[in-house]
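Enquirer: One structure is given below, represented as structure tokens, and several questions about it will come after.
Taken together, the values in this text are just the output of simple stated rules run on the coordinates, not laboratory data. Remember, predicted model here, so these are calculated numbers, not experimental data. Positions of Cβ are generated from backbone atoms using ideal geometry, with glycine treated the same way; all protein chains shown enter the neighbour counts.
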There are 2 protein chains.
Amino acid sequence: MSGGLLSIEQAQARLMAQADASRIEDSESVALAEADGRVLAEAVCAAVDLPPWPNSAMDGFAFRHADLSRQPLPVSQKIFAGMHPGPLQPGSCARIFTGAPLPPGADTVEMQENAELLEDGRVRFAEPLPVIGRHVRPQAGEARRGEEVLARGTRLGPTELGLAASLGAGRLRVVRRLRVALLSTGDEIVELDQPLGPGQIYNSNRYLLHAWLRRLGCDVVDLGILPDDPAQIRTRLDGVAGADLILSTGGVSVGEADFLGQILREQGELIFWKLAIKPGKPLTCGQYRGIAVIGLPGNPASTLVTFALLARPYLLRRLGVERLEPLGFEVPASFDRLTASSRREYLQARVNEGRVVLHSNQSSGVLRGATWADGLVEVPEHRSFRAGEPLRFIPYAQLLA
Amino acid sequence: MSGGLLSIEQAQARLMAQADASRIEDSESVALAEADGRVLAEAVCAAVDLPPWPNSAMDGFAFRHADLSRQPLPVSQKIFAGMHPGPLQPGSCARIFTGAPLPPGADTVEMQENAELLEDGRVRFAEPLPVIGRHVRPQAGEARRGEEVLARGTRLGPTELGLAASLGAGRLRVVRRLRVALLSTGDEIVELDQPLGPGQIYNSNRYLLHAWLRRLGCDVVDLGILPDDPAQIRTRLDGVAGADLILSTGGVSVGEADFLGQILREQGELIFWKLAIKPGKPLTCGQYRGIAVIGLPGNPASTLVTFALLARPYLLRRLGVERLEPLGFEVPASFDRLTASSRREYLQARVNEGRVVLHSNQSSGVLRGATWADGLVEVPEHRSFRAGEPLRFIPYAQLLA
């Protein structure tokens, strides 16, 4: 056990170092349609120029800019998208549609709204005349053949898949899924299909984390609820061969019923961190027979905050993701904080009319505030402030995916 | 065809009215572990008080506050989470752990860090003494039995699933998935497994939208690429019976090759909107033989922006979701805009050191900027401004899910 209170940054740095040392090296090839949420195991480079040829950004007319002095210009060809036009006849223009290739010899497009079709079939362009290159998308303007367009470690989403498709990449090499063994401890926890006995509660963390882990692209092995019984815990843990991480909630505290903590201390390595944050003080980190272990506090709001700030970036880094800092925004507080806290607080919040407002119940035992909130607001430690001062607001949308 | 330029708000209002008139009424019951991303078809009410009994928020000692005057107090019982304690012996305290039920008669908890265990086994609490009710989580403090905790129309995510689990709700009634027939039009578009011929490009929108629609919980029927051939388009459209929406990209413009638009005009209803936004000017909306149709512009950045701002809220509203406005944040611009635009612009942007910075290539034909960007920044129409003025930044994380 290491004593003292760790800042969130210290804890993140230590976890990231552990993640860097155990990055998943295996990869697999997946079809583009199945690659959403996966992480690139190797960079995607452009196999073609994008676009492959200069093309029109507008419905209109293509011509050589120098020929504008000779207008009105006759229309010598009509080019739809998908066609392969021949060279532009000198002194003429081509009717052209959006996305269609420019005919060799043309260098400028004017949109049809600025063109007048004369009775003799020629076209006159309205003033002001376009500058050279107007409405032309140059060949390779988006990417040049061979250029890296998506880096290794990129988390794939709809836009990345769209870009890969535009380069003809039908399959991508991605890091294999992380296998997470999820377990909950506590004699008080019962399965959803059972009635609540005296002193019992249902298990919320398991469902919170199961859905979240799947959003992060993990394969989840649900080990269920472990009773406060050392022999049963040991048996269950021995069954998780092949996992990359054992993620537990509850049971790891300074309390006398901390059997999971005892077993981890005996069979592996257990580091116990007290974090200088609220909610979410205790966090454990270690290994059991070579498998990494992260133990989150059991109070649901603490589970949520520690997973969001620590376990989530750890998991993504093991997959090779480099950009991990969730995007936060400075939003003025709607409330005073007259007594500074010794711990940094993460509170369930919404932004209303440009101000951060708080949920009325910030208890670490309560998850309801998180279903109301649009994000977490970071209240700095050791600082009092008045309404109007900016605080960092982190949207849940950034954290929950 | 209705002429004139529509504002994004006008277009949204019209689409929302159409969505409200065609909300999906069918529902199904799904297990909690499979409910992520679905929309509640009926409210979730608490089947039990949450928590079911008053419990301790700390590892420490529980007692009757009035007995503090008689301290040191003997320890009369030890209560772990999951136990069902008998009444507290008057004038004593109980050793108690986080989450364990308070014994009847106790009303206050002091954490163990503020307690001293004397040699005679009694406990003395340090000054300042706790106020009554300290560290006690009252019964029903989070939810009272029968109370609505998640409204109909709630989109379910990890926190909602966790809350439902804490109430013992093992299955939830959700709106059935929306069935979307996705099609791309254009003679220039080829499948990923084919080499590019002259004038051809790969289809990026299909993969962009396929992944995005799945994130929105839709069942996607991919109709593939439609050639610019009226007979083939008609045949393909006639095969989409059972879809709730036909979503197309490209092909609907004022260009002469707009066969899809022609067919929709003949066989159903076609409304053609010119939007006062950039990118993403043209949008069609109508129906084909009773199936709703939305036609997005074919340029990838236009597809992205119009899907994010119009199709996405439309789809979610048809599922019954009420809160649709993506959370935007006021962030100072890092650039000047000296010439006001007549259309509102949505630009690919990041937030760097508290300022909005733009991607260098904002062409509507380019998707690469979106893979670089963290969100869209809204540049108001008819307004010039200088760096430092706040603009609305919408994180992609809000839009892409």
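Enquirer: Within the protein assembly as shown, what percent of beta bridges assigned by DSSP are antiparallel, to the nearest 5?
Expert: 65
Enquirer: Around B:A43, which amide H atoms from residues at least 5 apart in sequence, or from another chain, sit under 5 Å from its own amide H, with H modelled in the peptide plane?
Expert: Those lying under 5 Å, H to H, from B:A43 are B:R152.
Enquirer: Can I ask one more? Per residue, how big is the convex hull of region A:329-399 when only Cα atoms are used? Give it in Å³.
Expert: Considering the Cα atoms of region A:329-399, their hull volume per residue is 87 Å³.
Enquirer: Please report, for A:A43, the nm distances (one decimal) from its label point, 7 Å out from Cα along the beta-carbon direction, to the equivalent points in the remaining copies, shortest first.
Expert: Result, one decimal in nm: 5.5.
Enquirer: How many nanometers, to one decimal and shortest first, lie between the label point of B:A340 and those of its other copies, if labels sit 7 Å from Cα toward Cβ?
Expert: Going from nearest to farthest copy, the values are 4.7 nm.
Enquirer: Please identify the GluC sites (Glu not before Pro) of region A:283-360 that satisfy two criteria: DSSP loop assignment and at most 12 other Cβ atoms within 10 Å. Which are they?
Expert: A:E322, A:E353
Enquirer: Could you work out how far apart the two model spin labels at B:R70 and B:H382 are, taking each label as a point 7 Å from the Cα in the direction of the beta carbon, and quote it in nm?
Expert: Calculated label separation equals 7.7 nm.
Enquirer: For the protein assembly as shown, what is the calculated [θ] at 222 nm in deg cm²/dmol (nearest 500), taking -39500 (n - 2.57) for each run of four or more DSSP H residues and dividing by its residue count?
Expert: Computed mean residue ellipticity for the protein assembly as shown: -5000 deg cm²/dmol.
Enquirer: Follow-up question, since we're still on this one. When Cβ neighbours within 10 Å are restricted to other protein chains, what is their mean count per residue of peptide B:209-218?
Expert: Average neighbour count from other chains, rounded to a whole number: 4.
Enquirer: Under the convention of a label 7 Å out along Cα→Cβ, give the distances in nm from A:R355 to the same position in every other copy, shortest first.
Expert: The projected label point of A:R355 is separated from its counterparts by 2.9 nm.
Enquirer: Loop-only GluC sites (Glu not before Pro) in region B:103-194, please: DSSP not H, G, I, E or B, and at most 11 other Cβ atoms within 10 Å.
Expert: B:E119
Enquirer: Please list, by residue number, everything in region A:363-401 whose backbone N is under 17 Å from a paramagnetic label point 7 Å out along Cα→Cβ of A:D336.
Expert: A:383-390, by backbone N distance to the label point.
Enquirer: So, one more: Kindly give the semi-axes, whole Å and largest first, of the ellipsoid equivalent to region A:89-172, taking each as the square root of 5 times a Cα gyration tensor eigenvalue.
Expert: Semi-axes (√(5λ), whole Å): 38, 13, 12.
Enquirer: How large is the convex hull of the C-alpha atoms of region A:110-267 per residue, in Å³?
Expert: Values: hull volume 43.9 nm³, N = 158.
Normalising the Cα hull of region A:110-267 by residue number yields 278 Å³.
Enquirer: Hey, another quick one. Please express the Cα-Cα pair-distance distribution P(r) of region A:177-224 as a list of whole percents, one per 5 Å bin, running from 0 to the bin with the greatest distance.
Expert: With 5 Å bins starting at 0, P(r) equals 5, 21, 28, 19, 13, 9, 4, 1.
Enquirer: So what J values fall out for region A:325-335 if you push phi through Karplus, 6.51 cos²θ - 1.76 cosθ + 1.60 with θ = phi - 60°, rounded to Hz, Gly and Pro as x?
Expert: Using θ = phi - 60°, the values come out as 5, x, 6, x, 10, 7, 10, x, 6, 9, 9 Hz.
Enquirer: Now for a different question. Where in chain B are the helices, taken as whole DSSP H runs, whose Cα atoms extend 24 angstrom or more along the long axis and whose Kyte-Doolittle mean reaches at least -1.0? Show your work: numbers first, answer last.
Expert: Details: long enough: none.
Span-like helices in chain B: none at all.
Enquirer: While we're looking at this one, here's another question. Taking Rh as the Kirkwood radius computed over C-alpha pairs, what is the Stokes-Einstein D of region A:273-401 at 4 °C in a medium of viscosity 1.567 mPa s, expressed in µm² per second?
Expert: 84
Enquirer: Then there is this: What share of the DSSP beta bridges in chain B is antiparallel, in percent to the nearest 5?
Expert: So the antiparallel bridges in chain B amount to around 65 percent.
Enquirer: I would also like to ask the following. With no solvent and one point per C-alpha, what does the Debye sum give as log10 I(q)/I(0) for chain B at q = 0.07, 0.11 Å⁻¹?
Expert: These q points yield log10 I(q)/I(0) values of -0.51, -0.86.
Enquirer: Taking every pair of alpha-carbon atoms in the protein assembly as shown, what share in percent sits in each 10 Å bin, from 0 to the bin with the longest distance?
Expert: For the protein assembly as shown, the pair-distance distribution reads 2, 12, 20, 23, 17, 11, 7, 4, 2, 1, 0, 0.
Enquirer: Residue-wise, which Karplus ³J(HN,Hα) couplings in Hz belong to region A:52-69, taking 6.51 cos²θ - 1.76 cosθ + 1.60, θ = phi - 60°, and x for glycine or proline?
Expert: For region A:52-69, the Karplus curve yields x, 7, x, 9, 8, 8, 9, 7, x, 9, 10, 7, 8, 4, 4, 6, 4, 5 Hz.
Enquirer: Calculate the radius of gyration of the Cα atoms of region A:55-137 to one decimal place, then report Dmax, the largest Cα-Cα distance, as a whole number, both in Å.
Expert: Calculated on Cα positions, Rg and Dmax stand at 11.0, 31 Å.
Enquirer: So what's the Cα pair-distance distribution over region A:1-116, bin width 10 Å, in %?
Expert: Values per bin, smallest distances first: 11, 26, 13, 12, 12, 12, 9, 3, 1.
Enquirer: Between the DSSP loop rule and a limit of at most 16 other Cβ atoms within 10 Å, which trypsin sites (Lys or Arg not before Pro) in region A:272-320 are left?
Expert: On the way: sites: A:K274, A:R289, A:R317, A:R318; in loops: A:R289.
Counting only loop positions with at most 16 other Cβ atoms within 10 Å, the trypsin sites (Lys or Arg not before Pro) in region A:272-320 are A:R289.
Enquirer: How many percent of DSSP beta bridges within region B:55-137 run antiparallel, rounded to 5?
Expert: The antiparallel proportion sits near 80 percent.
Enquirer: Run the simple label-point estimate for A:W372 and B:V221 please: 7 Å along Cα→C-beta, distance reported in nm.
Expert: Result for the modelled spin labels: 4.3 nm.
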